[in-house]
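Here is the structure we will look at, set down as structure tokens.
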């Protein structure tokens with residue numbers, strides 16, 4: 001059986017965040033816990049993620065913000081256990097550093113092609129990631145892009161508490177994962193409305 005791992009970003013996904021609702025709605029899913037949600041370092045966060053992935057034969061990952069970059073940076077045998085990844089509102093490290101000076105030590109943006117199917121969900125007005133940069137990043141990762149329009153950072157502040165529309169995206173991703181890996185299709189932008 002494939003395990004679903006929930007991977008939050010900077011400051012974790014607090015009470016009311018859609019990732020917390022997903023954990024309640026899907027009790028078989030597991031949260032990837034980090035030792036320090038407020039001052040993330042890449043080595044520590046990667047170690048926690050890889051240890052959690054290593055517990056299972058195969059995983060689907062649902063990540064948000066900085067968690068997306070964490071997932072995109074895994075490689076080698078541990079990445080082979082990732083069946084698919086739903087990457088919601090990836091952040092740009094430069095923008096995140098500007099908004100949270102000195103809070104993160106995460107190295108450089110991961111730019112290599114992912115070796116698992118991935119669906120990136122983005123927004124036209126996310127202050128953590130300009131949309132033009134998101135398009136370029138999706139091309140590099142080999143990810144398909146879902147454009148939610150003006151949806152902010154797809155978090156509580158932008159009106160995303162319980163987000164049932166995300167479950168439909170996860171079903172689309174599972175359909176992609178059931179086909180051959182890796183997905184070599186070009187990046188597509190699919191306009192969607194927030195429900």
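Per-residue ellipticity at 222 nm for the chain, helices alone: DSSP H runs ≥ 4 residues times -39500 (n - 2.57), over residue total, nearest 500 deg cm²/dmol? The partial results should precede the final answer.
Numbers: 6 runs with 59 residues, N = 195.
Helices in the chain give a 222 nm mean residue ellipticity of -9000 deg cm²/dmol.
Before anything else, pin down the relative contact order of the chain: Cα pairs under 8 Å, at least 6 apart, normalised by residue count, whole percent.
21
For 11, 138, 91, what ranking results if the residue with the fewest other Cβ atoms within 10 Å of its Cβ goes first?
Numbers: 11 16, 138 23, 91 27.
Going from sparsest to densest Cβ surroundings: 11, 138, 91.
May I ask you to sort 22, 37 by Cβ crowding, counting other Cβ atoms within 10 Å and putting the fewest first? Let's see the in-between values first.
Numbers: 22 21, 37 16.
Listing 22, 37 from fewest to most nearby Cβ atoms yields 37, 22.
So if R0 is 30 Å, what FRET efficiency would residue 178 and residue 103 give, r being the distance between their Cβ atoms, rounded to the nearest 0.05? Provide the component values of the computation, followed by the final result.
Numbers: r = 38 Å, r/R0 = 1.28.
E between residue 178 and residue 103, to the nearest 0.05, is 0.20.
Please compute P(r) over all alpha-carbon pairs of the chain, binned at 5 Å starting from zero, and give each bin as a whole-number percent.
1, 8, 18, 23, 23, 18, 8, 1, 0
Each value in this text was obtained by applying a stated rule to the coordinates, not by laboratory testing. On a predicted model such as this, the values are computed, not experimentally measured, just so you know. Cβ: placed from backbone, ideal geometry, glycine included. Neighbour counts: every protein chain shown.
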